[in-house]
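The values are calculated or read from the model by the stated rules, or taken from the named source; none is laboratory data. Here the structure is a predicted model, which means the values were calculated and not measured. As a convention, Cβ positions derive from the backbone with ideal geometry for all residues, glycine included, and neighbour counts pool all protein chains shown. Heavy atoms of the whole protein, side chains included, go into the accessibility calculation; ligands, DNA and RNA do not. Shrake-Rupley method; radii C 1.70, N 1.55, O 1.52, S 1.80 Å.
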Amino acid sequence: MILQALTQLYEDLAARGDIARRGWGKASISYALCLSEDGSLTDAVPMFVEEQVGKKTVLRPRKMELPAAVTRSSGVLPNFLWDNSSYILGVDAKGKPERSRKCFEACAQLHHQLLDDVDTAASRAVRAFFDAWQPESAQLHPALSDCWEDLMKGANLAFRVDGRFVQEDPAVQAAWDGHYGSSEGEKVQCLVTGRLDVPEAVHPFIKGVAGAQSSGAAIVSFNAPAFCSYGKEQSLNAPVGKYAAFAYTSALNYLLADRDSVQRIGDTSVVCWAEGAEPAYRRFAFASLFGAPPPKQITTDNLRAMVQRLANQEPCAELNLDPSRKFYILGLSPNAARLSVRFFHRSSFGDLMRNINAHHERMKIVGSSFEYIPLWAMLRETVNLKSKSKEPSPAMAGATARAIFSNQTYPAALLEATMLRIRAEREITPGRAAILKAYYLRNPDPRCPEEVLHVSLNESSTNIPYTLGRLFAVYEAVQEKANPGINATIKDKYFNSAASIPATIFPILDNLCPKHLRKLNPRLRVYYDKQIAQLKDVFGEAYPARLTLPEQGSFNLGYYHQKQARYNKKEDTEA
């Protein structure tokens, strides 16, 4: 399913002219080797371009369309018309001149094999270069003196003859297309396309997944006898034709190469696309779920209204979005030289928007600075921001994302991680309160009933744990009023115990509160006395011995809602 969807994406991108044709791909070229017609090297022209990275402008190698890169592991495999100095010049900084010589000879052999029958000035110059070049004297060549350091670091090189790149020669292109399209071997049925094709033994690498090897990683790979059967080795165990292997890797590399088209969830790189490959769907989905910047003509209010329209299966004319369009979300995480599929979601775009909208409605909470709490901010509430690693649990993050995409129940790990941070920091942030509310709305539990799962304070609730949380917030407010500027409140000493064993802690707080009340002026004393009396009427004088985890969720929400109500009243009074 994943490879089929990516192969279809490649065909959609190719139809739009957004991706290189089969056998060709983007390569980063640092220098152009200028050749005369007799194959002599006359100059090495830098090909760097300026790119904006944050507030800085940096020089990066130019992306050029060149013959597709080979997949290397440990063998000697040259690229056609471009490569690093080991293959093009026969030199490198690895201290293995014998291997560099082999790389150069293999590269020369490939270029002769493809260009011997091509009679153009460009092909003759390239053949003559490989025939005349002497790797042992490369460092002394005047054209390479200024760029030698970069060459030793692995900079890629391409050929240029008479001011024109060799890959632009139509005859050279035809030679490469004929070579790339020819496949030796027995044809079998491709698992992706269903057509007969020679299977690809080693699939091209995927580049751009955060945390994976910079040279690329495989999404389909067999590397041990335990994974092989019936005498089939490598990827021949699951025969994917050469066309499908090229198509799905090209499409995935295209998505990962655009930083604006990739989002992070923990260690997972997330890409998404719509059938037809229109980028508007991808941008809109990232804006609605991840908080990415919306399209320029769309404001936050417009975005919210559009999500609701699409959730109701109504088209969005402003961006030409069709709710019935098929939409895909793929999450990939690094695994040494391979990639793990963290999740894959397929649905219509309208169904996805409906699920995202339902999640945002559940996450609404008073006091939040976000209109919609994005996924990254939600997951950030589960980690210790003072620790060295600020990444959420990969398994929990992936399960949470899947739950949102498909409107399933949230994972228990999300609740556990949130409660752990509340206990460790004794702090209920708007994000953590929103997670508690959303979790129990989607994962109903009678011990944390719907009456406590409101956006703001529910003063009519008779839920005992919720009321205890409210009472604790009032006790804390009294202490703060009685001791302005106090460094530590009852929350720092008693909050966790009050939320778990209230029968042990609340009698202590009951004894402390009158001492604090005596320090207040009469009007404030009466105000807080009334609040405390109203709350105690809900459960009398008998406190529960213990509160379960869902009941602690009710307690935390009661505490948070009461504090937010106090802040709002203070703002209203000042206004």
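Under the simplified labelling scheme, the Asp162-Lys63 pair shows an inter-label distance of 3.1 nm, with each label point 7 Å from Cα along Cα→Cβ.
What whole number of Å gives the distance from the Cα centroid of region 430-451 to the Cα centroid of region 225-304? Cα centroid of region 225-304 versus Cα centroid of region 430-451: 32 Å apart.
A 1.4 Å probe run over region 315-441, with the rest of the protein chains in place, finds 40 Å² accessible per residue.
For the chain, the longest principal axis of the alpha carbon atoms and the long axis of helix 97-115 meet at an angle near 70°. Neighbours of Glu425 by Cβ distance under 12 Å: Lys/Arg scored +1, Asp/Glu scored -1, total +3.
Subtracting the Cα-Cα distance of Thr300 and Ser406 from their residue separation scaled by 0.36 nm leaves 35.8 nm.
Only protein heavy atoms count here; under a 1.4 Å probe, Ile490 has an accessible surface of about 10 Å².
As a calculated quantity, the FRET efficiency between Asn568 and Ala238 at R0 = 60 Å, using C-beta atoms, amounts to about 0.50. So in the chain, what percent of DSSP beta bridges are antiparallel if you round to the nearest 5? Percent antiparallel among DSSP bridges in the chain is about 90.
Normalised per residue, the accessible area of region 1-139 is 51 Å², obtained with a 1.4 Å probe and no contribution from ligands, DNA or RNA.
The heavy atoms of Ser40 offer some 50 square angstrom of accessible surface to a 1.4 angstrom probe. Spin-label pair Glu37-Asp510: with each label point 7 Å from Cα along the Cα-Cβ axis, the two points sit 10.5 nm from one another. Model label sites at Ser74 and Arg423, defined 7 Å from Cα along the beta-carbon direction, differ in position by 4.8 nm. You can think of it this way: the chain between Phe344 and Glu314 has 8.3 nm of extra reach, that is 0.36 nm per residue less the Cα-Cα gap. Taking other residues whose beta carbon is less than 12 angstrom from the beta carbon of Gly469, and scoring Lys, Arg as +1 and Asp, Glu as -1, yields +1.
Of the listed pairs Lys364/Lys390; Lys386/Lys563; Lys364/Lys530; Lys63/Lys296; Lys530/Lys563; Lys515/Lys536, which have alpha-carbon separations greater than 22 Å here? From Lys364/Lys390; Lys386/Lys563; Lys364/Lys530; Lys63/Lys296; Lys530/Lys563; Lys515/Lys536, over 22 Å: Lys364/Lys390; Lys386/Lys563; Lys364/Lys530; Lys63/Lys296.
Note on surface exposure: Met396, Met152 rank Met152, Met396 by accessible area, highest first, 1.4 Å probe.
I'd like the GluC sites (Glu not before Pro) in region 347-422 restricted to DSSP loop residues with at most 16 other Cβ atoms within 10 Å, sorted by number. Answer in residue order: Glu371. Using the rule -39500 (n - 2.57) for each DSSP H run of four or more residues, divided by the residues of the chain, the 222 nm mean residue ellipticity is -14500 deg cm²/dmol. Here the relative contact order of the chain, from alpha carbon pairs under 8 Å that lie six or more residues apart, stands at 10 percent.
Residue order by solvent-accessible surface for Lys491, Lys296 is Lys296, Lys491, largest first, with ligands and nucleic acids left out and a 1.4 Å probe.
In a fully extended conformation the segment linking Cys228 and His112 would gain 38.1 nm over its present Cα-Cα distance, using 0.36 nm per residue.
Electrostatic tally near Arg99: other residues with Cβ closer than 15 Å to its Cβ, Lys and Arg +1, Asp and Glu -1, net 0. With R₀ set to 51 Å, the beta-carbon distance separating Ser460 from Ala210 gives a calculated FRET efficiency near 0.60. Go ahead and run the numbers for FRET between Ala395 and Trp148, Cβ-Cβ distance against an R0 of 35 Å, rounding to 0.05. According to the calculation, E is roughly 0.15. By accessible area, using a 1.4 Å probe on protein heavy atoms only, the chain has 49% of its surface on carbon and sulfur. Using only Cα atoms, find the angle between the long axis of helix 464-482 and the longest principal axis of the chain, and express it within 0 to 90 degrees, rounded to the nearest 10. The angle comes out at about 80 degrees.
Based on Cα contacts under 8 Å between residues 6+ apart, region 464-537 shows a relative contact order of 44 percent. Restricting the GluC sites (Glu not before Pro) of region 20-121 to loop positions (DSSP other than H, G, I, E, B) with no more than 15 neighbouring Cβ atoms within 10 Å leaves Glu37.
Once all protein chains are placed together, Ser340 keeps about 40 Å² accessible to a 1.4 angstrom probe. In the chain, the longest principal axis of the Cα atoms and the axis of helix 430-442 are about 90 degrees apart.
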